[in-house]
Structures are given as C-alpha cells and as structure tokens.
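See below for the structure under consideration.
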Amino acid sequence: MKQIKMNDWKEPDFGTRETGMKVPDGFFADFQQSLELKIDELEARKVREEAPSILSEQQHRSHRLPWWSVAASVALIAGLFVWFNPAKTTDPNAPESYMPVAEAMVENSDLSESMMLASLSDYDIYEALYAED
Amino acid sequence: MSKTTNASEEAQLTALLTDPETRRSAFTRMVGIYQEQLYWQIRKLLISHDDTADVLQNTFLKAWTNLDSFRGDAKISTWLYSIAHNESITFLQKRQAEQDMTQSDPEGYLMDQLQADKYFDGDETQRTLLMAIATLPAKQRQVFNMRYFDDMPYEQISEILNTSVGALKASYHFAAEKIADYFHNREL
C-alpha cells in the first residue's frame, strides 16, 4: 500500500472552494412549512393507528364479566335445577326417567280421581253435582 | 434567527427537545438553525436540488421520529449530520440499484445530474471539480466535501462518520490525489 507522509503533504487547492450550486428563492421558508405539515400528518396517523387498539381494549374490558359473577351464576342455575328437578327421587334404584306422581296416578285410580277433583274449583264441583240432579 | 449555536444554546435546545411539552417548538427552532447546513452537506453529495430536498425532508422526519432516542450525548449538529449522511447513502444506493437495472454505466448518475441540474451556475473549474468529486466512492466523497468545502475538523467528521481520525486523513489524501489526477487528465 502506498505510504502517506502527512507532514509533507499540503492542503489541496483546486482553484475554488465554491461549488457553483444555487438554491431556489424562498426554498428554506417553504421547506420549513411543508415539513411542519408532514410532521402534523405523521402525528395524526400515529394517533389514528393507536386509537383503535385503545378502543378495542376498552370494549374488550367492558364485555368481560368478573369471574365471581360467572361462578355465582353457574351455582345459582345448578341449585335451581337440583331444587326443581321433576325426576328427583329418594329411591336409589329408580330409573332415570322415574316420575313418581304419574306412576301413582296409574296404579291408584282412586288417588288419580281425588287429584283430578283437587284440581277442580268448588264452583265446578257444585255445578257437576247439580247437573246430575 | 441565528444559524449557529454556542454551548449554552445547544444545551438549552437539547433540554427543550427532550421535554415532551416543548419538543415540538424546539424541533421547529432546530430545523431553522440546521436546515441550511444540512441542505448543503446533502447537496454536495447528491448534486441534484430535487433529490436533496427529498433527502433533507427524510432526514428531519427521521430525526423527529427518533427524538426519544436522542439524549444529548452527542451534539445536535453531529446527530443530524449522521442521519443526513445515512439517508444520503441509502438514497444513492437505491438510485444505483435502479441504474444497474437500466444502464451499463451506473456511476454516470451523478454526472448526469450535474449536467441536467438547473440550479447550477458555476464556472468551468467548479463544474470540473464537481465532476471529479462525483467519481469518488460515496464515503470518500463525503469526507472530501466536509473537509475541503466546509473546513470541518477531523474530530467532528470522525463522530459523524464513525471513523477514526487517521483513516479520515488517509481518505482525504487519496480523494485529493484522485481529483488532481482527474484535472491532470482533462488538461492532456
């Protein structure tokens, strides 16, 4: 590689230190204005890009139920189901579709008759008795 | 508005730039101070005024978006010169890639720009000097411009280009020799 003796070397001079380039009139004032507009656009785009993600997070949070309310709802539904279950029985050998009331009505016609009477109003009974007379 | 800053002004401007409340107005002030210096740094590298205007805008937009990373460790001018240098090199690489696709002489791009630029009214010596500089590799061209036209200290060029002072001196020397050869060959 070529050795450079910096101490012996003189600063170069090519007859000019000017480039001869010029700039359009008013360029720098116009440039600063257009740059301000570009920065405004940049900031507005940034806000637009950030806004949907913030909104969606808020919406997501507003739709989310707290865990304890979900657990309480499940427990309530289960409790109601157990309480009002028509198939519940104390007989451990009963089939799944066991319906004690219907079976009793079939086996004991007197009982079914009395239950049917029980479902009638007093007015219906009197009306039936007097109609027979 | 003053186009140069002393140490206390620089420190004040740095503080305003790093404060979210004042950064926008401080940035506007910074653009006013440095836009002309940066324009000429880029222009000497790209030759064309239109290309320079685009790269200058990209430089300041990049500075604005990266303002959070500026902590005032380096001088504002050094930080901006570095961004401008990188943007200019990226621009030239893109242009060169386009030229490679269409022309067999990609290095002729800057020469063409100089011939076509309506914002050049220099004499024959200035034109020859710019054409000679256009033959140099991009980094050598940058070193030569900063040193020859702007008389920038090697230490500052070293910070901007992230290169040692010794390497810069050598680079400047080789660039000057190539330019001298270019002038010599034209006279023959």
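None of the figures in this text is laboratory data; all of them are computed from the coordinates on show. Just so it is clear, the model here is predicted, and its values are computed rather than measured. Virtual Cβ from ideal backbone geometry, glycine too; neighbours counted across all protein chains shown.
Relative to the dominant Cα principal axis of chain B, helix B:49-65 is inclined by about 30°.
Pairing the Cα long axis of helix B:124-134 with the longest principal axis of chain B, what angle in degrees results, from 0 to 90 and rounded to the nearest 10? Tilt relative to chain B: about 80 degrees.
Given a Förster distance of 35 Å, report the FRET efficiency between B:VAL165 and B:GLU36 from their Cβ-Cβ distance, rounded to the nearest 0.05.
Working: r = 27 Å, r/R0 = 0.76.
That gives a FRET efficiency of 0.85.
Is there a simple number for the mean count of other chain Cβ atoms within 10 Å of the Cβ of residues in B:20-27, and what is it?
Working: counts 0, 0, 0, 0, 4, 0, 0, 3.
Mean shielding count: 1.
In this structure, the pairs whose alpha-carbon distance is over 29 Å, taken from B:LYS118/B:LYS169; A:LYS46/B:LYS94; B:LYS75/B:LYS178; A:LYS22/B:LYS139; B:LYS75/B:LYS118; A:LYS10/B:LYS44, are B:LYS118/B:LYS169; B:LYS75/B:LYS178; B:LYS75/B:LYS118.
Using Cβ contacts closer than 10 Å as the measure, can you line up A:VAL82, B:VAL31, B:VAL143, A:VAL23 from fewest to most?
Taking fewest neighbouring Cβ atoms as first place, the list is A:VAL82, A:VAL23, B:VAL31, B:VAL143.
Between B:MET111 and B:GLU187, what is the FRET efficiency for a Förster distance of 22 Å, r being their Cβ-Cβ separation, to the nearest 0.05? The partial results should precede the final answer.
Working: r = 19 Å, r/R0 = 0.85.
Rounded to the nearest 0.05, the efficiency is 0.70.
What residue among B:PRO137, B:LEU67, B:LEU114 has its Cα farthest toward the positive end of the dipole of the stretch B:49-176, where the charges are +1 on Lys, Arg and -1 on Asp, Glu, each on the Cβ? My answer, from the dipole projection, is B:LEU67. Reported to the nearest whole Å, the Cα centre-to-centre distance from the stretch B:138-188 to the stretch B:29-43 is 21.
Over all directions, the average projected area of the alpha-carbon convex hull for the stretch B:60-167 comes to how many nm²?
Numbers: hull surface 34.6 nm².
Its Cα hull, projected and averaged over all orientations, spans 8.7 nm².
Based on the alpha-carbon set only, what is the convex hull volume of chain B divided per residue, in Å³? If you can, show how the numbers build up before the last one.
On the way: hull volume 24.9 nm³, N = 188.
Given the Cα convex hull of chain B, per-residue volume reads 132 Å³.
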